[in-house]
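Everything on this sheet refers to the single structure shown next.
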Amino acid sequence: MTARTDAAPMDEDGAADRLRATIARRLRDYRLDLSWTMTQLSGRSGVSKAMLSKIENAQTTPALATLARLAEALSVPVTAFFRGLDDEQDMLYVKAGQGLDIEHRSSSAGRVYQSLGRMRFPHDRLEPTLVMIDRDEETFPLYQHDGSELLFVIAGRLEYCYGRRVVDLSPGDSLQLLGEVPHGPGRLIELPIHMLSVKAVRSGG
């Protein structure tokens, strides 16, 4: 009994230390990303420099109200301060066939767009989607978006339009492109077509 009683406070202390260290690291990273001094963050959040120093040096665990003021000043969600507390949160696993079907401009019968998930801020810059085309019934629109995109053909064959260029894509082929240039599937040569699309976009915050 004694051994178990002694072990519990050590586990709790360890958890508290990890929490303080995680919040300290996140706060410092977000502040430095904006090139702010502690004085600037203090002025924007209403949290004193002395308290900011204690938080960034993992000397105290801030109250939720304090974190809320800091989150608002830094334009991040409160939960952003806890990212990395559990290393398992830094991995996103989607089993085959369990992606989330999403509505898309060209969604229709025979065209499925399946989101493969997106990690949480500040690691949410990648937007992977599985594109499955089983029918050739309508013309695809051309897309434009921020950032860049990687396409990898898993099955099928198609012509892919990029600006004024047309690229013939077959299984194993990949294409990297700028999102601001109009792009999208053209002639569908061999169905079904399965493609992995990974957009690299600005972090949503």
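Only a single criterion out of (1) modelled with pLDDT of 95 or more; (2) part of a loop (DSSP other than H, G, I, E, B); (3) of a type in the set (Ser, Thr, Tyr) is not satisfied by Ser35, namely (1). Considered as a group, the residues in region 28-65 that are hydroxyl-bearing (Ser, Thr, Tyr) and within 28 Å of the chain's Cα centre (by Cα) include one that is nearest to Asp17 (Cα to Cα), and that residue is Thr61. A search for C-beta distances below 6 Å between a residue of region 49-78 that is assigned by TED's automatic domain parsing to the domain that holds Thr22 and polar (S, T, N, Q) and any residue that is surrounded by 18 or more Cβ atoms within 10 Å (Cβ to Cβ) and in a loop (DSSP other than H, G, I, E, B), counting only pairs 6+ apart in sequence or on different chains, returns Thr66/Val47.
For region 85-126, a tally of residues being modelled with pLDDT under 60 and either in contact with a Pro (Cβ under 8 Å, 6 or more places away or on another chain) or under 30 Å from Leu27 (Cα atoms) (or both) returns 7.
The values are calculated or read from the model by the stated rules, or taken from the named source; none is laboratory data. Keep in mind the model is a prediction, meaning the values are calculated, not measured. Every residue, glycine among them, receives a Cβ derived from its backbone with ideal geometry; neighbour counts consider all protein chains shown.
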